[in-house]
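So the structure is just underneath, and the comments pick up after that.
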Amino acid sequence: MHQPHTRPPSTPNEVLSSVFGFDAFIGLQESIINNTLAGGDSLVLMPTGGGKSLCYQIPAMLRQGVGICVSPLIALMQDQVQGLTQMGVRAACLNSSLDPQSAWEVEQQLETGQLDLLYVAPERLFRPGFLDFLARCNPCLFAIDEAHCVSQWGHDFRPEYMQLSILHERFPDVPRLALTATADKPTQRDIVNNLHLGQAQVYATGFNRPNISYTVLPKNNGRKMLLQFIRDNHPGDAGIVYRLSRKKVEKTAEFLNKHGVTALPYHAGLSQAERYRNQERFMREEGVVMVATVAFGMGVDKPNVRFVCHLEPPKSLEAYHQETGRAGRDGLPASAWMCFGMQDIAVLRSMIESGEAAGTRKRVEHSKLGSMFAFLEAASCRRQALLGYFGETIEPCGNCDNCITPVDTWDGTVEAQKALSNIFRTEQRFGVNYLAHVLVGKETDQIRRFNHTELSTFGCGEELSLDQWKSVYRQLLAGGYCSVDPERFNALTLNERSWPILKGERPIRFRTDPIVPKRSKKSKPA
Ligand code: ADP
Ligand code: ZN
């Protein structure tokens, strides 16, 4: 029989200071902890580094019984347990890396009530008999970490995660927390549906990083632009420069060094020793610039990184948010600076095409890339566009290129009406490419098959080129004036913001120089 462990009554704040040594909660931690203590479910959407772990660790220590954290990342699980144990928290993990003897010992501790927190891999949880065993161990909460793994739409779908809804059926009174740093709307919806979290409180802020200023520029000799940017804005500062390929990493690091900026390369092709050495120097020394592929950054927590540059756009806004989020952790002003050209877009597209992923997955990746392009092309506040993607609404920020220097725009009210009305006429079932073809009146096989040559919108948009119409759609999407349905082949759909435009109640402007470069060289709109 297990013996319930009795400990002195305590409050979240006491645990925060006595165990973790922090003075105050940040963001929504306290509300989430209180919700869990009161038995409620929570959906926690916070960026990496936002402080998600405490949200379940503290309630696990305060509630009678053991908190169960389901996590797919064995390495991180072990780090967490090690850190917690050092602070005197009774934590352990169960995963495939344990030998049978150690696993047995952990199970003993569980059954005798000697643990506050157990980290467990999902496949372990669903081993025959394990849930019955767990029922005897008095679970006091379930934290589902990396909850986006339950979504096909997320970047990291794990089929085992689909089964986690069983927890609720099996333990209806045990509060759950689903936690993730990936929180675009389709992913949120999947998490709620697949984990039956309809009743959960949603805690979704903290994606905004007000001290980071965003800039996006068309590329014209990227390395030179980068050097100029560093010299003008961040001489002697620490920064990270992301590049898509190892070769470009090497060349850019060399180039910067040649021009007096201390730069080190980092990519998966370097020996482990060299990567380690470079990372150490970046962490320890002042003013080192790390030129890296996406291989760099996980777990790198250097507070005074003053800038993060991208010389090619990343594959998604999640990636962009995460990578730029490594700047300015200390809260002081920092820059996110990106430049890109037509070539990069083609490369990113073909990387998806030539990838291993299955058809559905590719469609998801293309769609994420599309949102990235829409961000690049945004005519208004970048932060608004970025946070809008994560479901947050804000006022124009005053701290991005488009806020500081408004871009040249043209009155696209009529074009927006045509574009949206075209979505409506084709019954909200088609993607950007198809829709643009209808507007310019191109008789493709598909358009003929659907009989869309008969529509009033067919050929009504001859004033713009195909690429310009695509840009109009992307800008409408970026502004939230239409939506995308990932479950229907990325079809564009209308939403509540579409109607004021369709009814002519709201004028809209598009950028004159859509940054995403055009392939055809037709005339610009007046
Ligand atoms: P996430 O899981 O959201 O990526 P973590 O839980 O790992 O974030 O927390 C990120 C960092 O912030 C950690 O170093 C953690 O110790 C620190 N942290 C979390 N909560 C607080 C707090 N209330 N005060 C100070 N630091 C905190
Ligand atoms: Zn802004």
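Each reported figure results from applying straightforward, stated rules to the coordinates on display, with no laboratory input. Values in this document were obtained by computation on a predicted structure and should not be read as measured data. Every residue, glycine as well, gets a Cβ built from its backbone with ideal geometry; the counts of neighbours run over all protein chains shown.
Of note:
- Computed over the alpha-carbon atoms, region 336-420 gives an Rg to Rh ratio of 1.03, Rh here being the Kirkwood radius from the mean inverse distance.
- Whole-angstrom gap from region 242-321 to region 366-392, using each part's C-alpha centre: 24
- Legend: Rg and Dmax of region 133-289, from Cα coordinates, 22.6, 65 Å.
- Close amide H contacts of LEU217 (hydrogens built in the peptide plane, cut-off under 5 Å, sequence separation of 5 or more or a different chain): MET338, CYS339, PHE340.
- Longest segment of the chain lacking GluC sites (Glu not before Pro) that sit in a DSSP loop with at most 11 other Cβ atoms within 10 Å: 1-284
- Spin-label zone in region 215-232 - amide nitrogen under 13 Å from a point set 7 Å from the Cα of ILE404 along the C-beta vector: 215-217, 229-230, 232
- Among beta bridges that DSSP assigns inside the chain, antiparallel share in %, nearest 5: 10
- For the chain, the mean residue ellipticity at 222 nm estimated from helices alone is -11500 deg cm²/dmol, where every DSSP H run of n ≥ 4 contributes -39500 (n - 2.57) and the total is divided by all residues, rounded to the nearest 500.
- Two-decimal log10 I(q)/I(0) for the chain, as the Debye equation yields it once each C-alpha is a single scatterer, q = 0.07, 0.08, 0.09 Å⁻¹: -0.46, -0.59, -0.74
- Region 290-434 shape via C-alpha gyration tensor axes, a/c threshold 1.5: oblate
- With the simple model of a label 7 Å out from the Cα in the direction of the Cβ, ARG136 to GLN199 spans 2.9 nm.
- All Cα pairs of region 217-359, percent lying beyond 23 Å: 30
- Here the spin labels are modelled as points 7 Å beyond Cα on the Cα-Cβ line, and at SER271 and LYS247 they lie 2.4 nm apart.
- For region 67-94, no residue has its backbone nitrogen under 17 Å from a point 7 Å from the Cα of ALA357, taken along Cα to Cβ.
- Under 5 Å, built H, 5+ apart or other chain: amide partners of ILE240: MET290, PHE307, VAL308, CYS309
- Each label was represented as a point 7 Å from its Cα along the Cα-to-Cβ direction; for SER10 and VAL347 these points are 5.1 nm apart.
- Sequence-separation-based contact order of the chain, relative, with Cα cut under 8 Å and 6+ spacing, percent: 12
- Sequentially through region 201-213, phi angles give Karplus couplings (6.51, -1.76, 1.60; θ = phi - 60°) of 6, 9, 10, 9, 9, x, 7, 6, 10, x, 7, 9, 9 Hz, Gly and Pro residues having no value and appearing as x.
- Amide H contacts under 5 Å for LEU94, placed H, 5+ residues apart: TYR119, VAL120, ALA121
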